[in-house]
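So the structure is just underneath, and the comments pick up after that.
The values are calculated or read from the model by the stated rules, or taken from the named source; none is laboratory data. Only a predicted model underlies this, so the values are computations on that prediction, with no experimental measurement involved. Every residue, glycine among them, receives a Cβ derived from its backbone with ideal geometry; neighbour counts consider all protein chains shown.
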Amino acid sequence: MFHKSSKHRIHNPVSVRIQRGISIVTAIFLIVVLAALGAAMMTFSTVQQITSAEDVQGARAYQGARTGVEWGAYKVLIDSSCAASTALPALGGALAGFSVTVTCSSSGPYTEAAGTPFSIYLITSTATSGTVGTVSYVERQLQTTITK
């Protein structure tokens, strides 16, 4: 009597080689897809980091321009002076590296119905950092009008 043992099956060597070849193709495909996904994630991460840094610089430029407007308002209201153009001294802290220019123009004096004279002052403050035409360049400009 002959017993068939399930442990001793005869395999076709050609089908084993084909199966091994398919496994290698599948593995290479998965490696390529995962590498492409990793590269895409790195690109998104880099773009997000650059955009975030530009947002921070924009907020700093805004604060620098606001500083110039406040300085110009002080000069008009307290010192009663309105210089055509003034470059503020170097700013410190987070605003280091920004240059701020303040311009002031006045019109008047005008007279109200009650006979009180007044003048109108237009203060423009521009804060800049970096070189024009480069990625690191940032500029913000604010204007305000003061009646005195």
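Descriptive notes on the structure:
- If you go through the stretch 106-135 and keep only what is surrounded by 11 or more Cβ atoms within 10 Å (Cβ to Cβ) and outside any strand (DSSP E or B), you end up with just Gly130.
- Scanning the stretch 20-62 for residues that are modelled with pLDDT of 90 or more and of a type in the set (Phe, Trp, Tyr), we see that the one that is nearest to the chain's Cα centre (by Cα) is Tyr62.
- Looking across the stretch 51-78, the residues that are closer than 20 Å to Gly97 by Cα, of a type in the set (Val, Ile, Thr) and in contact (Cβ under 8 Å) with a residue 12 or more places away in the chain come down to Thr67, Val69.
- Tally of residues being surrounded by 12 or more Cβ atoms within 10 Å (Cβ to Cβ) and aliphatic (A, V, I, L, M) across the stretch 84-105: 6
- Within the stretch 87-105, the residues that satisfy the criterion of being outside any loop (DSSP other than H, G, I, E, B) and modelled with pLDDT of 85 or more are Ala87, Gly93, Leu95, Ser99, Val100, Thr101, Val102, Thr103, Cys104, Ser105.
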